[in-house]
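As structure tokens, the structure follows; a few thoughts come after it.
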Amino acid sequence: MASVRFTVTPTKAEDLPGLSDTSPDISSRSGARVRFGSRESVNRSDPLSDASGGAGTETPDHSSVEQGDGNSKISSVYINNSHCLDDDDFYDKNLALFEEEMDTRPKVSSLLSRLANYTNLTQGAKEHEEAESIGEKKKAGKSPHMGTFMGVYLPCLQNIFGVILFLRLTWVVGNAGVLQALCIVFICCCCTLLTAISMSAIATNGVVPAGGSYFMISRSLGPEFGGAVGLCFYLGTTFAGAMYILGAIEILLMYMAPNAAIFESKSPEGEGAAMLNNMRVYGSICLLLMSLLVFVGVKYVNKLASIFLACVIVSIVSIYVGALVSAFKPPQFPVCMLGNRTINGHEIDDSQCAKTILLPIHEPVERDDFNFTTISENSTAGPTFDPSPAPSLVEKTTYLWKQFCQSPELNSSCDQYFTSNNFSEIEGIPGLASGIISENVWSSYLSKGDVVEKSSLSSSHLAPPASTHQPYVFTDIATSFTLLVGIFFPSVTGIMAGSNRSGDLKDAQRSIPIGTILAILTTSIVYLSSVVLFGACIEGVVLRDKFGDSVKGNLVVGTLAWPSPWVIVIGSFFSTCGAGLQSLTGAPRLLQAIAKDNIIPFLRVFGHGKANGEPTWALLLTTLIAELGILIASLDLVAPILTMFFLMCYLFVNLACALQTLLRSPNWRPRFSYYHWTLSFLGMTICLALMFISSWYYAIVAMVIAGMIYKYIEYHGAEKEWGDGIRGLSLSAARFALLRLEEGPPHTKNWRPQLLVLLKLDEDAHVKSPRLLTFASQLKAGKGLTIVGTVVSGNFLQSYGEALAAEQTLKHLMDKERVKGFCQCIVAQKPREGISHMIQSSGLGGMRPNTVVMGWPHAWRQSEDPQSWKTFINTVRVTTAGHLALLVPKNISLFPSNSEPCSEGYIDVWWIVHDGGMLMLLPFLLRQHKVWRKCGMRIFTVAQMEDNSIQMKKDLATFLYHLRIEAEVEVVEMHDSDISAYTYERTLMMEQRSQMLRQMRLSKSDRDKEAQLVKDRNSMLRLTSIGSDDADDTDGGERDRGPSSSSGGGGGNSEHQRRVQMTWTKEKTSHYRATHSGCSTPEGFRDMLSIRPDHSNVRRMHTAVKLNEVIVNKSHDARLVLLNMPGPPRNSEGDENYMEFLEVLTEGLERVLLVRGGGSEVITIYS
């Protein structure tokens, strides 16, 4: 006879003969009702029976009576009675509740006896994560009117050319040499060019409103990255404003008005500190004036922009013209040298680069001031008399003599190096045709305090350290390749100027790529050619002289300019002021854009401004931050700071482009097609390398700042969904991980409870037992998968709104309890079906729940509607069939909340049968949470008469030691005892109550059916089919049931879905009344009172009572009791008795967690 697999809800045994439980077949679940044409027996192979050694088929004869001891005994509906064994000794009397599953869930004693052979089974942890968010953000652009040249090219030029070109590029060339300087410029320009390519791709993939790079990054990488990098870019722009102001003040105090210095030092050691103080004072004044100008109106800044840009262009042109002119007529800027050491031109008051000079004798001179000789002025010999007949010249010591000697006398004691070397003058600007580039090709890095020297000049081998009191040109900081990279990089920033103005462009998707890339190419050519020109035209010692001391305080790049150094001085001053104004104008708007996006709560105030939209508060914050840069006062220290912030911004622009390209997002359709993910990746690599090359500690600080902002936005920021690439990356990563999980089941060591929490909603869509989710959060401690589900009764098309409301209720509760997970709301006609569907369909791939958490049906005895506890038992059956673990907290309202930690006490584990180790693992996981952390753990196990309790305790302690679990161990001996009168009476009361309720429901059902027959003249009785899961004769009327145990509402009880059309004749109706209505007569009740309890029920009640006595005696003061949950009967005939058994088993306990394993090992002794 062929096997039949199907799903049915238990009904009367006589209606479904001989059925045993197997795993449900989903394919047969499409219809919830099963009809049989004839009452034929159904044969199925029972895997559990096969596992026990009892293979074969079950007999369909439900009315067979076994004779024993002279008493008739109805065959039990429990599965193991299929073995047809009547010997009570086959099972332990004290474990009768668990006897039907002993073949799959062995006794603890038998498990511990095989401890030496204990092996872990390869089982897996199934997880699933998904991201859902809904949102849309649109910004309207301004009316466009600008083209590529005016809208992108010139603004980029103005922002890229800046203070570094005029103040530091010559110094970079002098220290690094032409080759390394070209390398520095090339690397920096490549970085910006690759970033511009990536930026062009992003900018042409849609409209980019104000905010520029921030908008591009945030919409490509998400609000967390966007906010972090946006703030970094804001800080970089703000510090850039401070750098430009410091550059302008340096030009003012060094080259335009040196006498304007407020602080002066009497000693050379204090000159640097005095200069820094001057920078702070004048820088603060300049910052205040610029901020006022920006506050008054940005239109004035825009009007001045063209003037500042003209200054930049004129200055650069004058450099090129001066370089060409120097090939024919080099400008005269002599540099005084002592040996190969450079002399500070400021110290030569008499303009004499010599030790002594010869002066004509016009009047008598004092012998102590002059020495009458005619020797060479740079001679190192002592004074002698010339034998020539006309001694008309007298030798006089110079100002430099006084700097190196103790007195102006020719015979005074002098510095050793001064005595050994002579003075000489070299040309500071030899010119383009001089070939000086051969000396400037190689690097010449110096340490702080070193003298600037010319290696090609001869000098004495005796070179004692120079004193700071001597008039040499000293270096103020130590130089290296990495330092120069950090100082130079700000001169190539500013490439975002075009994208920031995208709303003002006629055709932004065409203008931004062309204008930005052309501007970068132009500036790169200027920088590279300037490096070569500086190396070919200017003497090396002058290049290494940062402040132009060797050329009497002239700006070094100005010495090359034509027609006058003042062209560069004035032009660079105004250009740096203009760049500073642009930074102070752009930075507040960037901060305002971030604040208006509302992703960083504490920045919301900076989103407000004046009535015309000017960011007043953002300008104030920008001014304060820029003042911090001003107080640093050193251009060389501020430049690396903004280098970090700009590099981080560019890094993420490249990352955004590479990510979008690799993910192949459907929305990634940039008009700019000359990009590739390898170029973006290369640009990202260069940015990261430059960050650590220029200053590794600044790079770490910048990353830490960005990381802190990222985490702040992640935890406290507003939820945004911008369709960013990180979401796409998460989706791709999740898909990849899920596919990897499908390759095989994870190991037992990776098992953790992945929860499906079933919650019940009342009529007002409020969660009835919120503590259930609290307990789940304590069990999970934020780890693994958590799905919170509920079932809404009704039709999906009609109840969709209720389902959305229920889902929102669950989300709010999850947020309140801080549970990270997902919601799932199922709409179904019958709650049982909904729960079954949810258990089957929750999760995705290898990330599926492996543990179901559901509440205990309270007051099930008093309820007129049996659907609550019937749904509960059905869920237990479904989880068992799906090989899922089940957790049922009883008295959940008494469980502690997250704010009520248990100060002391125990978590007691009653390990009766082994079901995979869930009972061991759950207390360990609970104690990871602060609520249960201070609780101890006690493990009790039950020993029978034939067990050696002493050996069991020893084996259990060894087992826990190998599991690395600390717990107290106790073995409880349960002696065989006769069944007490109390047990017999309680079993009898249970069966009488069940029979009485069944008769009451039958009589009510009969009345309904008679009324229906009167109404329906065609004799079409509307009944639910035999295979229904809740509405047959024994179950009561489905039409009268209230909200289900997992229902979010009571609506949608359409009779059409519960209706099966069956043709009834008068003969059938009369026969039905005769066979079913007699039970409701008084004689039927008298028969019910004379029944004797089923022997198997008595034995099970005996187990429940005995175990309850022991558990209450040992664990009455425990904070939580964990207990094996016995399985339900395979037939619905014993459902109500099963509920009574569980009540008796847990009677008198405050907090109980019934645990039913999924049949797989979840804990292992192996590492």
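Counting only residues that are out of contact with any Ser or Thr (no Cβ under 8 Å at 6 or more places or on another chain) and crowded, with 24+ Cβ neighbours inside 10 Å, region 652-665 holds 1 of them.
Of all residues in region 666-705, those satisfying the criterion of being open to solvent by 60 Å² or more (accessible area, probe 1.4 Å), under 24 Å from the mean Cα position of the chain (by Cα) and in contact (Cβ under 8 Å) with a residue 60 or more places away in the chain are Asn667, Tyr698.
The residues of region 228-277 that are of a type in the set (Phe, Trp, Tyr) and closer than 19 Å to Gly571 by Cα, listed by number, are Tyr244, Tyr255. Of all residue pairs spaced 6 or more apart or on separate chains, those with beta-carbon atoms under 8 Å, a first member in region 926-937 that is free of Cβ contacts under 8 Å to residues at least 60 places away in the same chain and a second member that is assigned to a strand (DSSP E or B) and of a type in the set (Val, Ile, Thr) are Arg927/Ile907; Gly936/Ile907; Met937/Ile907; Met937/Val909. Among the residues making up region 820-842, a single one is within 22 Å of the chain's Cα centre (by Cα), assigned to a loop (DSSP other than H, G, I, E, B) and surrounded by fewer than 22 Cβ atoms within 10 Å (Cβ to Cβ): Lys820. In this structure, Met708 does not qualify as surrounded by 18 or more Cβ atoms within 10 Å (Cβ to Cβ) and over 30 Å from Ala274 (Cα atoms). The set of residues in region 311-349 that are open to solvent by less than 40 Å² (accessible area, probe 1.4 Å), part of a helix (DSSP H, G or I) and more than 27 Å from Ile525 (Cβ to Cβ) contains only Gly345. Taken over region 606-635, the criterion of being touching a residue at least 40 places away in the same chain (Cβ under 8 Å) and open to solvent by less than 10 Å² (accessible area, probe 1.4 Å) is satisfied by Thr622, Ala626, Gly629, Ile630, Ala633, Leu635. With respect to the stated conditions, Met290 is aliphatic (A, V, I, L, M), crowded, with 20+ Cβ neighbours inside 10 Å, at pLDDT 85 or above and within 50 Å of the chain's Cα centre (by Cα). Against the conditions (1) touching a residue at least 40 places away in the same chain (Cβ under 8 Å); (2) within 29 Å of Ala633 (Cβ to Cβ); (3) in contact with a helix residue (DSSP H, G or I) (Cβ under 9 Å, 6 or more places away or on another chain), Tyr300 satisfies every one except (1). Looking across region 1109-1131, the residues that are open to solvent by less than 20 Å² (accessible area, probe 1.4 Å) and more than 21 Å from Glu968 (Cβ to Cβ) come down to Met1125, Pro1126, Gly1127, Pro1128, Pro1129. Criterion applied to Ile939, Ile950 was being open to solvent by 50 Å² or more (accessible area, probe 1.4 Å) and of a type outside the set (Ser, Thr, Tyr), and the one residue passing it is Ile950. Taken as a whole, the structure places Gln582 among residues that are modelled with pLDDT under 85, crowded, with 24+ Cβ neighbours inside 10 Å and on the phi < 0 side of the Ramachandran plot. Within region 473-495, the set of residues being among the aromatic types (Phe, Trp, Tyr) and open to solvent by 10 Å² or more (accessible area, probe 1.4 Å) comprises Phe474, Phe481.
Please tell me if Asn850 is of a type outside the set (Ser, Thr, Tyr) and open to solvent by 20 Å² or more (accessible area, probe 1.4 Å). Criteria not met by Asn850. Of note, Val878 does not satisfy the criterion of being of a type outside the set (Ser, Thr, Tyr), over 30 Å from Ala737 (Cβ atoms) and out of contact with any Gly (no Cβ under 8 Å at 6 or more places or on another chain).
The values are calculated or read from the model by the stated rules, or taken from the named source; none is laboratory data. Computed from a prediction, not measured in an experiment: that's the story for all the values here. Cβ coordinates were reconstructed from backbone atoms using ideal geometry, including for glycine residues, and neighbour counts include every protein chain displayed. Side chains are part of the model used for accessible areas, which takes the heavy atoms of the whole protein and leaves out ligands, DNA and RNA. Shrake-Rupley method; radii C 1.70, N 1.55, O 1.52, S 1.80 Å.
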